[in-house]
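Each reported figure results from applying straightforward, stated rules to the coordinates on display, with no laboratory input. Not measured: the values here are computed from a predicted model. Don't worry about glycine lacking a Cβ; one is built from the backbone with ideal geometry, like all the others, and counts go over all protein chains shown.
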Amino acid sequence: MSQMALPLQLQDHAVFASFQQDGNESLVAFLMDMADTSGAAGGWIWGPPATGKTHLLQACCARKGSSAVYLPLRQFREAGSGILEGMAAQSLICLDDVDAVAGDAAWESALFALYNQVLEDRGTILVAAGAPVRECGFRLPDLESRLSQLPAFRVEPLDEEGRLKALQLRAGHRGLTLPPETARYLLTRSRRDMASLYQLLDRLDLLALEAQRKLTIPFVRSVINDES
């Protein structure tokens with residue numbers, strides 16, 4: 001995947017096959033079709049933290065391949081808006097945390113120019129934020145208007161059963177077997193947001209490999225107790 005000489009790396013698990021879709025089936029279908037279609041307008045996806053927005057943006061890039069670029073704006077805000085120059089050459093541009101630069105005149109001007117160039121070149125722009133366009137605090141009316149024209153989807157948080165299935169799906173993607181009882185134990189003994197649960201699962205994977213252990217409740221309990 002082209003990354004415009006930026007020090008970025010897609011997470012290897014961030015593909016559509018490893019995303020638990022419960023409540024977001026229409027969104028995933030839309031994004032998969034968008035990544036497969038040349039000249040698709042793009043979209044705006046929004047929702048609370050740790051609901052999978054970054055995962056979905058990176059999954060689109062992984063599906064599109066070398067003509068896609070992913071840029072987390074919160075991470076690169078201090079680098080300046082010049083980082084967007086030349087990005088319109090990519091057929092798919094995925095901008096994460098765009099609300100992090102809302103209200104910054106230089107960034108908003110650069111985003112407006114990028115959007116117009118993408119539109120002219122029949123490219124695709126996919127944007128993620130924590131809120132709908134009108135609630136992000138953009139000060140440039142023309143930019144807000146342009147972004148409001150994108151199809152918008154709210155990423156729905158997973159319920160209890162969805163979290164359990166998501167953990168098992170992530171484990172399976174890593175080649176692990178996560179019994180339902182162990183997954184439920186994780187849900188009751190750690191922070192409940194998916195980002196924290198995935199980080200814990202990643203640590204358990206490494207430790208289980210080192211210890212040649214399975215992900216049983218006693219093993220998971222010992223790891224959590226050692227880290228508390």
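To the nearest 10 degrees, how steeply does helix 160-173 sit against the main Cα axis of the chain, on a 0 to 90 scale?
90 degrees
Test of understanding: in a Gaussian network model of the chain with alpha carbons linked when under 10 Å, which of P179, P132, P141 would top the mean-square fluctuation ranking?
Comparing P179, P132, P141 in the GNM, the peak value goes to P141.
Expressed in whole Å with the largest first, what are the equivalent ellipsoid semi-axes of region 160-227 derived from the C-alpha gyration tensor as the square root of 5 times each eigenvalue?
On the way: eigenvalues 54, 36, 23 Å².
Semi-axes, largest first: 16, 13, 11 Å.
Give a quick list of trypsin sites (Lys or Arg not before Pro) in region 180-220 that DSSP marks as loop, anything other than H, G, I, E or B, with at most 15 other Cβ atoms within 10 Å. Numbers along the way, then the final one.
Details: sites: R184, R189, R191, R192, R203, R213, K214; in loops: R191, R192, R213, K214.
Sites meeting the loop and neighbour criteria: R191, R192, R213, K214.
In what order do I93, I224 fall by count of nearby beta-carbon atoms within 10 Å, going from fewest to most? Spell out each step's value before the answer.
Values: I93 25, I224 16.
Listed from fewest to most nearby Cβ atoms, that is I224, I93.
Rounded to the nearest 500 deg cm²/dmol, what is the calculated helix-only ellipticity per residue at 222 nm for the chain, with -39500 (n - 2.57) per DSSP H run of length n ≥ 4?
Working: 9 runs with 105 residues, N = 228.
The per-residue figure over the chain is -14000 deg cm²/dmol.
How about K64: which lysines have a C-alpha closer than 30 Å to its C-alpha, ignoring those fewer than 8 places off in the same chain?
Of all the lysines, those that pass the test against K64 - Cα under 30 Å, at least 8 places apart if same chain - are K53, K165.
Could you give the distance between the Cα centres of region 49-100 and region 120-186, to the whole Å?
Using only Cα atoms, the two centres lie 13 Å from each other.
Could you state the angle between the C-alpha long axis of helix 105-120 and the longest principal axis of the C-alpha atoms of the chain, as a value from 0 to 90 degrees rounded to the nearest 10?
Its long axis makes an angle of about 80 degrees.
Over all directions, what mean area does the Cα convex hull of region 16-154 project, stated in square nanometres?
Values: hull surface 29.9 nm².
Result: 7.5 nm².
For region 140-192, take every pair of Cα atoms, bin their distances at 5 Å starting from 0, and report each bin as a whole percent.
Over region 140-192, the share of Cα pairs per 5 Å bin runs 4, 17, 18, 14, 9, 6, 8, 10, 9, 4, 1 percent.
Pop out the Kirkwood hydrodynamic radius of region 51-133 from its pairwise C-alpha distances, inverse of mean 1/r, in Å to one decimal.
Numbers: mean 1/r = 0.0777 Å⁻¹.
One over the average 1/r among Cα pairs gives 12.9 Å for region 51-133.
Taking the simple approach of a point 7 Å from Cα along Cα-to-Cβ for both D193 and S145, what is their distance in nm?
3.6 nm
Mind checking the angle between helix 180-189 and the chain's longest principal axis? C-alpha axes, 0 to 90 degrees, to the nearest 10.
Roughly 70 degrees between the two axes.
What are the semi-axes of the equivalent ellipsoid for region 72-180, taken as the square roots of 5 times the Cα gyration tensor eigenvalues, largest first, in whole Å? Please list the in-between numbers first.
On the way: eigenvalues 212, 53, 38 Å².
The answer is 33, 16, 14 Å, longest axis first.
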